Amino acid sequence: MAEDYVIEMLHITKEFPGIKANDDITLQLKRGEIHALLGENGAGKSTLMSVLFGLYQAEEGIIKKDGKEVAIKDPNDANRLGIGMVHQHFKLVECFTVLDNIILGVEDTKHGFLQKDEARKKVLALSEKYGLRVDPDALVSDISVGMQQRVEILKMLYRDNEILIFDEPTAVLTPQEIDELMEIMKGFKEEGKSILFITHKLAEIMAVSDRCTVLRKGKYMGTVDIASTTQEELSKMMVGRDVKLTADKKPCEAGDTILSVKDLVIPSRTHSNNAVKGVSFDVHAGEIVCVAGIEGNGQTELVYGITGLEKVTGGSVYLKGKDITHAPIRERSKDGMSHIPEDRHKHGLVLDYTLEQNLVLQRYWEDEFQRGGVIRADKVRKYAYDLIDRFDVRSGQGAVTVARSMSGGNQQKAIIAREIDKQPDLLVAVQPTRGLDVGAIEYIHGQLIKERDQGRAVLLVSLELDEVMNLSDRILVMYEGEIVGEFDPKQTTVEELGLYMAGAKRQDGKEARVS
Amino acid sequence: MKVKKPLAENQMFISVLASVISIIAGLLFGSVLLFILNPSKAGIGMGAMLTTGFSSLDQFGKVLYQSAPLMLCGLSVGFAFKTGMFNIGATGQYTIGAFCALYGAIALQLPWWVCLLLSLIGGAVWGIFPGLFKALFNVNEVITSIMFNWIGMYLVNLLLANMPVMLASAWGASNSDRTAALAQANPGAVIPKGGLDKLFGNSSWINISVFVAIIVAIICWFILEKTTFGYELKACGYNKEASRYAGISANRNIVFSMIIAGALSGLGGGLYYLAGTIQYVLEKKTLAMGFNGIPVALLANSNPIGTIFSSLFISYIQVGGSAMQPNFSSESTDIIIAVIIYLAAFALLMKGVITGLLKKSMKNKDDKEAKA
Ligand SMILES: Nc1ncnc2c1ncn2[C@@H]1O[C@H](COP(=O)(O)OP(=O)(O)OP(=O)(O)O)[C@@H](O)[C@H]1O
Ligand SMILES: [Mg+2]
């Protein structure tokens, strides 16, 4: 008997200037399955999904829905066929409310006026049914990424989509939110919806999906049943070699104090309380200190305060003994601070600049790259290709690729290359491996450890406990703007950290909040 | 063997083609409008619009002469735009620039190049204000520049009205509603013709101003594309947060970019009024030249080199438009010019369409070849 496929993408080829993003790829989605799509950064996953969603037109190949060939020219066509997509970088209107975003494009009107009551009822019912908590009247610009993603999912459900595409939904979520999302996806599956799921986290694939299709450099590598495979096998299939999933490192030899933070207070942008309430800690040369915590407990603001993106209202910050509490950002950078920012599109890149222009964003003013105010284009080009080679940044047109057209993971690699190559004394890295494939994570972790071994101080902020346990020499847990515990990763467990992160325990003797 | 780039990927080719198609569409639509307004004279009107600029060397000289201030106002708007700001104040800066140039020429009896410098400084000063207000108090530059347009215009009228020496009446003419003709007041302040008048059949319009403007355009291009200063300005324009993260002072750049934008418009005013063919008339409306900088910049996608061509084009149809006058009112020629410019600005939209069409036709060809 023939298989029951809802969607078949047969021999899809899609080219961009300088690169075949998809080269003869076939993907068959069974009705009611969760089908994972795995591949290195730039392998062509987002492109393939955008073809299915009608954002791009394939040069070759056909798409079948329920066995019949269909033409998907734009997202409206996709929508009519019941296909919905949550994009890698969300596509919401920031200054609209949640409800307005959900109904955008399919609004009900009466005599030309918006009718939102029905819509509100439907949205609330959906949100209830699937446990997708949202506040319909909040502005998108004010809500957390987790909630933004729930809005994107509700958008698909509101349109009664049956085929759901999730492009790296977990990259921006906290571990708790990831668990919730996995449950929600399983719920969809039980209802008979079919799901295409892109992620770089193999454990997630093993946990929820039925089958997995693997791409490598735009080519189809095969489709496997999850029940009969392992994480190691998957990563080998995707990268083409064995990948070490844990980093090994020498014991830490902490040296002089590089960063010293004393009683730091930083106001919050979203509420009237302070986001950081009198935090103190040191980071020494040759150690990786990790700030762990659930998103929204002040880690972002703490980093903004240290790096100068946000004004500090109390306390002080010292870099190599020098008071930099109120120093301009450029001065901190010259004094030896590098910063891999949390939000790569907001801070990390000028998306309309080329890759090479972005690679010198922190150094264009140095004598190496300019003379008398005129940029030395040849030096910039040479430097860019050096970084591109060393950090394996893949793109269609090399140094002159516009950053906007690069795949998410390769954008991240470009930022990391730029910040590490500055050879800083202090590297502040926020979620550095967000959106990277396992091979790239292995490499970046190796680089961070190498930095440490060369006597640099690394302050790592990560939501992923695996990464925290793997890399750090010391762990600080942050809860509601305060540091509630300090741990040696060798003498603690993920479970214990979890208790501190949730505010159920704290070390300084103060009464823990009963939750 | 060198592989030729497929046409569909040749950005330069597509941009030029898109502009040409949009311009033709604009002209066609313009003819339809002419026909509706005055059917019997439509043919003559359109003929005048299309051919006047090339009809005589004198008229062509006028096209070049008018394109210089247009080019500078376009550069001004485009330059600010690259830094993420909308300089709708070009006309105010232009007016102040014109005044400073004329003051230097008539009241101070300075040579032309010093007067041009004065116009540049005057425009720059007028550009500082919106820049400072934005940088210090985050006041939207559109609001401040519109206010400074009116302040500039009335200020100049007020100053002129109180400076009898500046007016034509002080130099042997009868009218006191305009500034003195430079031929009488100070022939040394007239921008030299550099022998071009010989080439252009003794055209009274032509002088070296268009070359000055082209050199300025090239300098703008160089600043924006080749210098660290331009790199910073554009970074601020594209992504303010990221440039802050990179330690670039956005406020400093906002002010600098508005100073430069103001200086460009101001110089435009100087070039226009120091030609000696035009006198500044005291009127209660802002000058159109500065506003025309906006379509010039849009048409060129804010690219300084593109601005050279877009200003020549707009100047050409403006000269053509004024030749339609007896048959068509100046209002209706304005409408037609606006329609043409408006459609020409669709070039960006056309770009996408052309790329799509080229790709499709290439694919069809490939398919046919594959079948054969
Ligand atoms: N709009 C575009 N224009 C030009 N090139 C593009 C465009 N979109 C993607 N590419 C190129 O196509 C390739 C595949 O990109 P894609 O975004 O599909 O990768 P991906 O598998 O989703 O990677 P990641 O895991 O990093 O998100 C990349 O090399 C990218 O540079
Ligand atoms: Mg992707």
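Let me spell out the model: positive unit charges on the Cβ of Lys and Arg, negative unit charges on the Cβ of Asp and Glu, origin at the Cα centre of the range A:168-293. What dipole size does that give, in debye rounded to 20?
On the way: 16 positive and 19 negative charges, 103 e Å.
Around 500 debye, computed over the range A:168-293.
Figure the gain on full extension for A:Leu124 and A:Ser228 (residue separation times 0.36 nm, minus the Cα-Cα span) and round it to one decimal in nm. Each step should come with its number before you reach the end.
Values: separation 104, 0.36 × 104 = 37.44 nm, distance 3.98 nm.
Using 0.36 nm per residue and subtracting the Cα-Cα distance, I get 33.5 nm.
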Could you tell me what percent of the DSSP beta bridges with both partners in the range A:2-239 are antiparallel, to the nearest 5? 55
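By accessible area of protein heavy atoms, probe 1.4 Å, what ranking do B:Trp205, B:Trp126, B:Trp113 get, highest first? Intermediate values should be presented prior to the final figure.
Details: B:Trp205 50, B:Trp126 30, B:Trp113 140 Å².
Sorted descending by solvent-accessible area, the residues read B:Trp113, B:Trp205, B:Trp126.
Of B:Met85, B:Met12, A:Met221, which has the most accessible area and how do the rest follow, probe 1.4 Å? Show your work: numbers first, answer last.
Numbers: B:Met85 5, B:Met12 140, A:Met221 75 Å².
The ordering from most to least exposed comes out as B:Met12, A:Met221, B:Met85.
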In the range B:218-250, what residues drop by 40 Å² or more in accessible surface going from the chain by itself to the full protein assembly, probe 1.4 Å? B:Lys226, B:Thr228, B:Tyr231, B:Tyr238, B:Asn239, B:Glu241, B:Ala242, B:Arg244, B:Tyr245, B:Ala246, B:Gly247
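So if each residue of separation counts as 0.36 nm, and I subtract the Cα-Cα distance between B:Asn162 and B:Asp334, what length gain in nm does that give?
Working: separation 172, 0.36 × 172 = 61.92 nm, distance 3.34 nm.
That works out to 58.6 nm of additional length.
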Considering only protein heavy atoms, what is the solvent-accessible area of A:Arg434 at a probe of 1.4 Å, reported in Å² to the nearest 10? 40
Positive dipole terminus of chain B, leading residue within B:Gly172, B:Leu357, B:Val339 (C-beta point charges): B:Leu357
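Between A:Asp137 and A:His345, what is 0.36 nm times their sequence separation minus the Cα-Cα distance? Round to one decimal in nm.
Values: separation 208, 0.36 × 208 = 74.88 nm, distance 2.58 nm.
Between A:Asp137 and A:His345, full extension yields 72.3 nm more.
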Nearest 500 deg cm²/dmol is fine: what mean residue ellipticity at 222 nm does chain B get from its DSSP H runs of n ≥ 4 alone, each adding -39,500 (n - 2.57), divided by its residue count? -24000 deg cm²/dmol
About the Cα centre, and with charges only on the beta carbon of Lys, Arg (+1) and Asp, Glu (-1), how big is the dipole of the protein assembly as shown? Nearest 20 debye, please. 2960
Expected field for B:Tyr154, accessible surface area in Å² at 1.4 Å probe radius, rounded to 10, holds 100
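Looking at this model, which pairs from A:Lys45/A:Lys236; A:Lys45/A:Lys201; A:Lys346/A:Lys422; A:Lys45/A:Lys68; A:Lys20/B:Lys226; A:Lys382/B:Lys234 are more than 25 angstrom apart at the alpha-carbon? Walk me through the numbers on the way to the answer.
Numbers: A:Lys45/A:Lys236 17 Å; A:Lys45/A:Lys201 14 Å; A:Lys346/A:Lys422 21 Å; A:Lys45/A:Lys68 23 Å; A:Lys20/B:Lys226 32 Å; A:Lys382/B:Lys234 22 Å.
Among A:Lys45/A:Lys236; A:Lys45/A:Lys201; A:Lys346/A:Lys422; A:Lys45/A:Lys68; A:Lys20/B:Lys226; A:Lys382/B:Lys234, the Cα-Cα distance tops 25 Å for A:Lys20/B:Lys226.
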If the only charges are +1 at each Lys and Arg Cβ and -1 at each Asp and Glu Cβ, what is the size of the charge dipole of the range A:2-239 around the Cα centre, to the nearest 20 debye? 260
Set Lys and Arg Cβ to +1 and Asp and Glu Cβ to -1, take the dipole of the protein assembly as shown about its Cα centre, and tell me which of A:Ile375, A:Gln491, B:Ser56 lies farthest positive. B:Ser56
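Counting pairs of alpha carbon atoms under 8 Å apart in space and at least six apart in sequence, what relative contact order in percent does the range A:2-239 give?
Relative contact order comes out at 28 percent.
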Given a Förster radius of 25 Å and the C-beta distance between B:Ile219 and A:Glu368 as r, what FRET efficiency does 1/(1 + (r/R0)^6) yield to the nearest 0.05? 0.45
Inter-part gap, Cα centre of the range A:429-454 to Cα centre of the range A:253-285, in whole angstrom, is 23
Averaging sequence separations of C-alpha pairs under 8 Å and six or more residues apart, then dividing by the length of the range A:1-70, give the relative contact order as a whole percent. 43
Might you tell me the accessible area per residue for the range A:2-239, computed with a 1.4 Å probe and given in Å²? 43
At a probe size of 1.4 Å, how large is the accessible area of A:Glu3, to the nearest 10 Å²? 100
The computed P(r) of the protein assembly as shown puts the percent of Cα pairs beyond 51 Å at 30
Need the list of aspartates and glutamates near B:Lys193 for cross-linking: C-alpha distance under 17 angstrom, and skip anything on the same chain fewer than eight residues off. B:Asp58
Estimated distance in nm for a label pair at A:Glu486 and A:Asp352, the labels positioned 7 Å out from Cα along Cα-to-Cβ: 4.7
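For chains A and B, what's the summed buried accessible area, probe 1.4 Å, to the nearest 100 square angstrom? Don't skip to the answer; put the middle values down first.
Numbers: alone 22880 and 17950 Å², together 38690 Å².
Roughly 2100 Å² of accessible surface disappears when A and B pair.
Per the 1.4 Å probe, what fraction of the accessible area of the range A:409-464, in percent, lies on carbon and sulfur atoms? If you can, show how the numbers build up before the last one.
Numbers: 490 of 1140 Å².
Percent of accessible area from carbon and sulfur atoms in the range A:409-464: 43.
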Quick one: net charge of A:Gln491's neighbours, Cβ under 14 Å, K/R +1, D/E -1? -3
Going through A:Lys334/A:Lys413; A:Lys64/A:Lys193; A:Lys277/B:Lys240 one by one, the pairs whose alpha carbons sit over 20 Å apart turn out to be A:Lys334/A:Lys413; A:Lys277/B:Lys240
If you build a Gaussian network model of chain B, linking Cα atoms that sit under 10 Å apart, which residue out of B:Gly131, B:Gly61, B:Gly47 swings the most? B:Gly47
With helices defined as uninterrupted DSSP H runs, which ones in chain B have an alpha carbon span along their own long axis of at least 30 Å and mean Kyte-Doolittle hydropathy of at least 1.6? B:11-37, B:112-137
Between A:His339 and residues 5 or more places away or on another chain, the pairs with built amide H atoms under 5 Å apart involve A:Val428
Tell me, what is the Rg over Rh of the range A:297-435, with Rh the Kirkwood radius over Cα pairs? 0.98
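Taking only DSSP H segments of four or more residues, each worth -39500 (n - 2.57), what value at 222 nm results for chain A once the sum is divided by all its residues, to the nearest 500 deg cm²/dmol? Spell out each step's value before the answer.
Working: 16 runs with 160 residues, N = 515.
Computed ellipticity for chain A at 222 nm equals -9000 deg cm²/dmol.
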Quick one: which residues, 5 or more positions from A:Met85 or on another chain, have an amide H under 5 Å from its amide H? H modelled 1.01 Å from N in the peptide plane, none for Pro or chain starts. A:Ile165
Under 18 Å Cα to Cα from A:Lys122, which lysines show up? Leave out anything in the same chain fewer than 8 places away. A:Lys110, A:Lys155
Which distance in Å, rounded to a whole number, links the C-alpha centroids of the range B:146-195 and the range B:56-123? 15
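R0 = 41 Å: FRET efficiency of A:Lys322 with A:Ala203, Cβ-based, nearest 0.05? Can you show the working numbers first?
Values: r = 43 Å, r/R0 = 1.05.
Calculated transfer efficiency: 0.45.
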Kindly list the residues of the range A:303-345 that lie in the label zone of A:Ser280, defined by a backbone N under 15 Å from the point 7 Å along the Cα-to-C-beta vector. A:314-318
Considering only protein heavy atoms and a 1.4 Å probe, what is the carbon-and-sulfur percentage of the accessible area of chain B? 69
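So if R0 is 60 Å, what FRET efficiency would A:Asp179 and A:Glu69 give, r being the distance between their Cβ atoms, rounded to the nearest 0.05? Kindly include the intermediate steps, with their values, before the conclusion.
Numbers: r = 39 Å, r/R0 = 0.65.
Calculated value: 0.95.
Around A:His87, what is the net charge, scoring Lys/Arg as +1 and Asp/Glu as -1 over all other residues with Cβ under 10 Å from its Cβ?
On the way: positive: A:Lys91; negative: A:Glu152, A:Asp167, A:Glu168.
Overall, the nearby charge balance is -2.
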Once Lys and Arg get +1 and Asp and Glu get -1 on their Cβ, which of A:Gln148, A:Val51, A:Val208 lies farthest toward the positive end of the dipole of the range A:2-239? A:Val51
How many angstrom lie between the C-alpha centres of the range A:79-140 and the range A:364-380? 49
In nm, to one decimal, how far is the A:Ile62 label point from the B:Phe86 one, both placed 7 Å along Cα→Cβ? 4.9
Can you return the aspartates and glutamates within cross-link range of A:Lys322? Criterion is Cα-Cα under 18 Å, with same-chain partners fewer than 8 residues away left out. A:Asp256, A:Asp263, A:Asp282, A:Glu331, A:Asp335, A:Asp425
For A:Lys110 paired with A:Thr246, estimate the spin-label separation in nm (one decimal), with each label point 7 Å from Cα along the Cα-to-Cβ line. 6.3
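The values are calculated or read from the model by the stated rules, or taken from the named source; none is laboratory data. These numbers come from a predicted model, not from an experiment. In this analysis, Cβ positions are derived from the backbone assuming ideal geometry, glycine residues included, and neighbour counts consider all displayed protein chains. Ligands, DNA and RNA are stripped out before the accessible areas are found, and what is left, the full protein with its side chains, is counted by its heavy atoms. Shrake-Rupley method; radii C 1.70, N 1.55, O 1.52, S 1.80 Å.
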